[in-house]
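Novice: Pasting a structure here, questions to come.
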């Protein structure tokens with residue numbers, strides 16, 4: 001495993017592996033349960049913005065040090081926010097919104113490795129990951145209402161994952177729920193024993209490395225975009241994408257490898 005340049009980050013490390021085809025972004029604030037503050041939010045935005053231009057990547061793993069994935073907003077930041085004007089709070093919220101949008105629209109899949117607790121903004125991070133693997137002991141909560149505030153900024157992404165019916169309950173109760181329940185409502189894709197968490201992440205990475213890198217990115221874009229298209233637009237768009245990928249160099253290589261019963265070149269690189 002090689003390290004990329006990450007000296008500019010205070011609360012993150014960025015690592016690369018598998019011939020630089022997988023990046024791992026690690027949140028490193030275990031002393032405060034990996035809580036989000038302004039610096040960490042800006043660093044996550046910067047890290048994913050920088051990684052987005054690397055066309056070698058098949059996926060990015062988002063993880064954190066210690067026993068907690070992310071406990072939401074940092075206490076010191078919340079204390080400071082009590083003195084903010086409405087305009088200052090608005091600008092602060094936009095910073096979080098920009099981070100979530102950057103991760104959500106990252107060009108290749110983001111794998112969330114979730115241990116311990118994911119609360120408040122931590123659930124927001126989970127919501128913008130494409131593949132979420134959680135330890136069985138993990139616990140989740142839209143905990144904002146317990147503090148007299150609301151999960152406003154994370155709500156667009158959480159709603160797309162869990163749907164209105166679950167949001168109408170969990171947003172207003174702020175109750176903590178298990179990894180198995182998170183999987184049942186669509187927030188998490190798989191739950192595994194705590195000891196198997198890293199193995200499960202590696203299994204997901206292995207599956208992604210077996211797929212064409214451009215096909216992965218195009219498929220993610222389809223998942224994000226097509227559901228919101230009118231039927232006729234979707235009909236034409238998907239036909240165009242299908243035709244373009246079949247005649248692309250990667251599509252020709254993949255189909256040729258299948259017919260010739262050999263591994264495609266991206267599996268050997």
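The values are calculated or read from the model by the stated rules, or taken from the named source; none is laboratory data. Remember, it's a predicted structure, so these values are computed and weren't measured experimentally. Here the Cβ is made from the backbone with ideal geometry for all residues, glycine too, and neighbour counts use every protein chain on show.
Novice: Can you give me the number of residues within the stretch 228-246 that are loosely packed, with under 11 Cβ neighbours inside 10 Å and closer than 27 Å to residue 257 by Cα?
Specialist: Selection size over the stretch 228-246: 2.
Novice: Could you count how many residues in the stretch 38-62 are outside any helix (DSSP H, G or I) and surrounded by fewer than 19 Cβ atoms within 10 Å (Cβ to Cβ)? Lay out the reasoning, then the answer.
Specialist: In the first step, residues of the stretch 38-62 are kept if they are outside any helix (DSSP H, G or I); the result is 52-62.
Filter again for surrounded by fewer than 19 Cβ atoms within 10 Å (Cβ to Cβ), leaving 52-56.
Qualifying residue count for the region: 5.
Novice: Conditions: (1) touching a residue at least 12 places away in the same chain (Cβ under 8 Å); (2) farther than 14 Å from residue 151 by Cα. Residue 85 meets all but one. Number of the miss?
Specialist: (1)
Novice: Would you check if residue 101 is out of contact with any strand residue (DSSP E or B) (no Cβ under 7 Å at 6 or more places or on another chain) and assigned to a helix (DSSP H, G or I)? Break it down into steps so the answer makes sense when it comes.
Specialist: Numbers: out of contact with any strand residue (DSSP E or B) (no Cβ under 7 Å at 6 or more places or on another chain): yes; assigned to a helix (DSSP H, G or I): yes.
Against the criterion (out of contact with any strand residue (DSSP E or B) (no Cβ under 7 Å at 6 or more places or on another chain) and assigned to a helix (DSSP H, G or I)), residue 101 qualifies.
Novice: Looking at 201, 192, 188 in this structure, which one is touching a helix residue (DSSP H, G or I) at 6+ places or on another chain (Cβ under 6 Å), closer than 17 Å to residue 109 by Cα and at pLDDT 95 or above?
Specialist: On the way: 201 fails: touching a helix residue (DSSP H, G or I) at 6+ places or on another chain (Cβ under 6 Å); 192 fails: closer than 17 Å to residue 109 by Cα.
Step by step, each of 201, 192, 188 is checked, and only 188 is touching a helix residue (DSSP H, G or I) at 6+ places or on another chain (Cβ under 6 Å), closer than 17 Å to residue 109 by Cα and at pLDDT 95 or above.
Novice: Tell me the residue from 179, 249, 184 that is under 30 Å from residue 64 (Cβ atoms) and without any contact (Cβ under 8 Å) to a residue 24 or more places away in the chain, please. Don't jump to the end; show me each part of the working.
Specialist: Working: 179 fails: without any contact (Cβ under 8 Å) to a residue 24 or more places away in the chain; 249 fails: under 30 Å from residue 64 (Cβ atoms).
One residue alone meets the criteria, 184.
Novice: Of the conditions (1) in contact with a helix residue (DSSP H, G or I) (Cβ under 9 Å, 6 or more places away or on another chain); (2) more than 30 Å from residue 210 (Cβ to Cβ), residue 86 satisfies every one except a single condition; which number is it?
Specialist: (1)
Novice: Of everything in the stretch 119-141, what is assigned to a strand (DSSP E or B) and either without any contact (Cβ under 8 Å) to a residue 24 or more places away in the chain or under 21 Å from residue 14 (Cβ atoms) (or both)? Give them in sequence order.
Specialist: Our first condition is that a residue be assigned to a strand (DSSP E or B); within the stretch 119-141, this holds for 119, 131-135, 139-141.
Of everything in the stretch 119-141, those that are assigned to a strand (DSSP E or B) and either without any contact (Cβ under 8 Å) to a residue 24 or more places away in the chain or under 21 Å from residue 14 (Cβ atoms) (or both) turn out to be 131, 132, 133.
Novice: Next question, about the same structure. Which one of 153, 126 is in contact with a helix residue (DSSP H, G or I) (Cβ under 7 Å, 6 or more places away or on another chain) and within 16 Å of residue 103 (Cβ to Cβ)? Show your work before the answer.
Specialist: On the way: 126 fails: in contact with a helix residue (DSSP H, G or I) (Cβ under 7 Å, 6 or more places away or on another chain).
After ruling out the rest, the residue left standing is 153.
Novice: For the stretch 149-173, which positions are more than 18 Å from the chain's Cα centre (by Cα), closer than 23 Å to residue 90 by Cβ and buried (at least 16 other Cβ atoms within 10 Å of the Cβ)?
Specialist: 167, 171
Novice: Taking the stretch 187-205 as the region of interest, how many residues are more than 17 Å from the chain's Cα centre (by Cα) and in contact (Cβ under 8 Å) with a residue 24 or more places away in the chain?
Specialist: 3
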